[in-house]
Structures are given as C-alpha cells and as structure tokens.
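Enquirer: One structure, as structure tokens, below. Some questions next.
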Number of protein chains: 2
Amino acid sequence: MPQLTTQREAKFRARRDQIINAARDCFRRQGFHGAGMAEIAALSELSVGQIYRCFTNKDAIIEEIVRRIVNNKMLMIARDETNLNRLAGDLAYRVIHRDAQTRDDDQALMLEVAAEATRNPVVALILQDADTLLFRQASEMLKRLYPVLSDTEIAARVELIAVMTEGTDFRMLTAQKASPTQLYSLYKKILQNVFPPMDK
Amino acid sequence: MPQLTTQREAKFRARRDQIINAARDCFRRQGFHGAGMAEIAALSELSVGQIYRCFTNKDAIIEEIVRRIVNNKMLMIARDETNLNRLAGDLAYRVIHRDAQTRDDDQALMLEVAAEATRNPVVALILQDADTLLFRQASEMLKRLYPVLSDTEIAARVELIAVMTEGTDFRMLTAQKASPTQLYSLYKKILQNVFPPMDK
C-alpha cells in the first residue's frame, strides 16, 4: 500500500506540474483575466474537473506559481553567498540567470501578479507572504556574511538590494540607456560603500 | 468662427478628459482586459460611438493615460531640481507626492501597462517612448546641476535614480520591512557618494 500511495502522489504531483505549466503559458499570453480555467484545462489536456481536484480556484494556481518563482529565487540567493562585485555586474549588465525564456516568463508573471495585487486582496496577500519569505532569507544570509552589522543595518541593506534588483527587473522592459561599464563601476562603488569588508 | 472652433476644441478636450477619467477607473478595477469600450462608455456617460470619435481604440486610450502620468512626473522632476537629500528621504520614507489616491492609481495603472507591455507590442512601444522622454529630461536636469560629469556619467546616474525610484514604487506593494531612518541615512550616503558637491 505505501507503494501505491507514493505512485498516487507522484501522479498527483505530475498533474499539478502539468497544470502549472499550462497556466503559466495562458497567463503569460492573456493575463489572469483573459485566461479561464477552461483554457488552462484545454492547454494541459485535462478536464476542468481534474483541474479543480488539484487547485480549488485560479487564485490557488497563482499562489503555486508565485511559490515556485520565489523558491527559485531563494535557491539563487543561497547559492550566490553574495559576491558583491558579481551582484553589481548582474545589475549593471542586466544578467539573465538560468535560461532566458524562463526568466522572462517569471518576470512577466510577477508583473501580472503585482498588477493584480492592486485590486485583488487574495493576490496581494500572496505577494506579501512571498516578499516576507525572501526578505527573511536574504537577511539571514547577510547576517552570516557581515556579523558586524546590527539587525536594522542588515534590514536596510536587504531593502537596498531588493530595490535595486526589482527596479532593474522592472526597467528591463525598456531599452538600456546607460553604459553597462559605467553602471558596473557605479554599483560596485555603492555596494562597497555600504558593506564593510568581509570578515574572513 | 475662431470663437466657435475654440469652443468646439474645449468641448472635445473636456470629452477626452471625461473618457480618460472613466477609463482609468475601469482599468484600475478590472485591468485592461476586463474593461471594454462599452464599460468605459457607460461610466463616462457617453455612447460607444462618441468614444471612438475621440480615441481610435483601447490602445490609444492607454497611450493618453501614460502620456498624462509621464507629463506629471516630468513636472515633478522639473520642480524638484534634485535636492539629493530630499530624494533620499522620499525613497526611504516612501513619500507620496500629490494626493495619495492619484499616486496609487498612477502606480497601479503603470503596473498594468508594464504587464500588458510583455504581451502587446503597441503598449511596449508606448512604455519605451515614455521612458525615453523621462530619461532625457532627467539627464538634462542633472547635466545643468553637475556640469563636471560627462554624458556617460550622467546617464549612469539617471539610471541609478530610475532603478531606485521604480524599485521603491514596486516595493510599495508590500509592507516596509526596514527602518526608514536607517534607509534614509543609507540612501543619503549613496547619493552623496556618487554625486560630486554641487557647483554653486
């Protein structure tokens, strides 16, 4: 029996993945409002009933999409161990992590989430929770790297990095007007100025 | 006859304002996709035909909304004459310019524009043009204030301010987790570090 349960679980998980991939595609092309459960069902080659057995409604699908995007971001934070020069370079050169298509889609979906959050309190809460999680993880990492900084100093620096990262993400919708080389040296200077030398 | 033309123009302008206000309201509550020309007509108490005499389609309405938001931003830039400490404070304390409702609406509408720009090339172009205009005006202002900086140095600093402003705008969707006082001193330090003392 445990064997069967595991098989069932694997099937359930695979089905959820299938739905999430289809939903990402639908939302990406038509926005949350343009895409209904029927379209998501059609694209994932499942019935609407099968979809509802995995997700209670569209908001639950959005929540799972955001959860996965945030998990990926947290993995990247954990892997990076904040190399400040690398961060400056990624921001200045608008570096695409992972494959460009996924990253573009993630970004477009997060914009859609943000726009929706301004009128849908359920989605606003999903966004709040995701941000709280990311902020906490980034704070813990910086605390390990810079034990000399106080908690409020750490929080201000996490906010600075969040502002710079999200601002850069947002501006990737328009053409880069500054020289990346100039920006790189500017960002390096800024980060070196607000972080103490690493205790090694 | 010129009298009559002026009257007609005034009426045309008033009608456009009426439509823009109704459209902002519709888009704000339902997004671009949720709100059709019929709803905008109903809310502005005009016929659909009257709407089409002022705007050829929904994209043209979006364009006019963005144009007005950008004009307001440009007026604010021109008025501000970049007091760096004031800018640091506005960012750290997430200061609301003008009345809070209009600012909230502007921000939500720009998010909607950004999300739409990821799938609609007409809207992507509207966003590009708006950004080019703002970037140019900000560059000219900084050039007057800091004649010692080269054009590429100016561009990098305009980009930095744009990243910080748009990143902060975006993060206003979630609760502030850092102390504004700490952030203020951090931002002041950053801006003083990248701008030379003003030539007076």
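Enquirer: Would you check which residues across the stretch A:173-186 are of a type in the set (S, T, Y) and over 22 Å from the mean Cα position of the chain (by Cα) and list them?
Expert: A:S179, A:T181, A:Y184, A:S185
Enquirer: Considering only the stretch B:155-200, how many residues are at pLDDT below 90 and in contact with a Ser or Thr (Cβ under 8 Å, 6 or more places away or on another chain)?
Expert: The total comes to 1.
Enquirer: Among (1) free of Cβ contacts under 8 Å to residues at least 12 places away in the same chain; (2) more than 14 Å from chain B (Cβ to nearest Cβ); (3) among the small types (G, A, S), which single condition is A:S44 missing?
Expert: Looking at each condition in turn, A:S44 falls short on (1).
Enquirer: In the stretch A:25-82, how many are among the hydrophobic types (A, V, I, L, M, F, W, C), assigned to a loop (DSSP other than H, G, I, E, B) and at pLDDT 90 or above?
Expert: Total meeting the criteria: 2.
Enquirer: A further question on this structure: Got a number for residues in the stretch B:116-149 being more than 14 Å from the chain's Cα centre (by Cα) and without any contact (Cβ under 8 Å) to a residue 24 or more places away in the chain?
Expert: 11
Enquirer: Of (1) within 16 Å of A:V194 (Cβ to Cβ); (2) without any contact (Cβ under 8 Å) to a residue 12 or more places away in the chain; (3) of a type outside the set (F, W, Y), A:E166 satisfies all except one. Which?
Expert: All conditions pass for A:E166, except number (1).
Enquirer: Could you please find all residues in the stretch A:1-19 being under 29 Å from B:L111 (Cβ atoms) and touching a Cys at 6+ places or on another chain (Cβ under 9 Å)?
Expert: Scanning the stretch A:1-19 gives A:R16, A:I19.
Enquirer: Can you tell me how many residues in the stretch A:125-140 are within 28 Å of A:E112 (Cβ to Cβ) and either in a loop (DSSP other than H, G, I, E, B) or more than 8 Å from chain B (Cβ to nearest Cβ) (or both)?
Expert: Total meeting the criteria: 10.
Enquirer: Let me ask another. With B:R103, B:R144 as the choices, which residue is more than 22 Å from B:V66 (Cα to Cα) and at pLDDT below 90?
Expert: B:R144
Enquirer: Looking at the stretch B:150-172, which of its residues are of a type in the set (S, T, Y) and within 19 Å of the chain's Cα centre (by Cα)?
Expert: The answer is B:T165, B:T168.
Enquirer: Can you pull out the residues in the stretch A:42-70 that are touching a Ser or Thr at 6+ places or on another chain (Cβ under 9 Å) and surrounded by 19 or more Cβ atoms within 10 Å (Cβ to Cβ)?
Expert: The answer is A:I51, and nothing else.
Enquirer: Does B:A155 satisfy the condition of being within 9 Å of chain A (Cβ to nearest Cβ) and either outside any helix (DSSP H, G or I) or under 30 Å from A:D129 (Cβ atoms) (or both)?
Expert: It is false that B:A155 is within 9 Å of chain A (Cβ to nearest Cβ) and either outside any helix (DSSP H, G or I) or under 30 Å from A:D129 (Cβ atoms) (or both).
Residue-by-condition table, conditions (1) within 7 Å of chain A (Cβ to nearest Cβ); (2) aromatic (F, W, Y); (3) more than 18 Å from B:G89 (Cβ to Cβ); (4) surrounded by fewer than 18 Cβ atoms within 10 Å (Cβ to Cβ):
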{"residue": "B:I161", "(1), (2), (3), (4)": "no, no, no, no"}
{"residue": "B:E166", "(1), (2), (3), (4)": "yes, no, no, no"}
{"residue": "B:F170", "(1), (2), (3), (4)": "yes, yes, yes, no"}
{"residue": "B:L173", "(1), (2), (3), (4)": "yes, no, yes, no"}
{"residue": "B:Q176", "(1), (2), (3), (4)": "no, no, no, yes"}
{"residue": "B:P180", "(1), (2), (3), (4)": "no, no, no, yes"}
{"residue": "B:S185", "(1), (2), (3), (4)": "no, no, no, yes"}
{"residue": "B:Q192", "(1), (2), (3), (4)": "no, no, no, yes"}
{"residue": "B:P197", "(1), (2), (3), (4)": "no, no, yes, yes"}
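The values are calculated or read from the model by the stated rules, or taken from the named source; none is laboratory data. A quick note: this is a predicted structure, and the numbers were derived from the prediction, not measured. Every residue, glycine among them, receives a Cβ derived from its backbone with ideal geometry; neighbour counts consider all protein chains shown.
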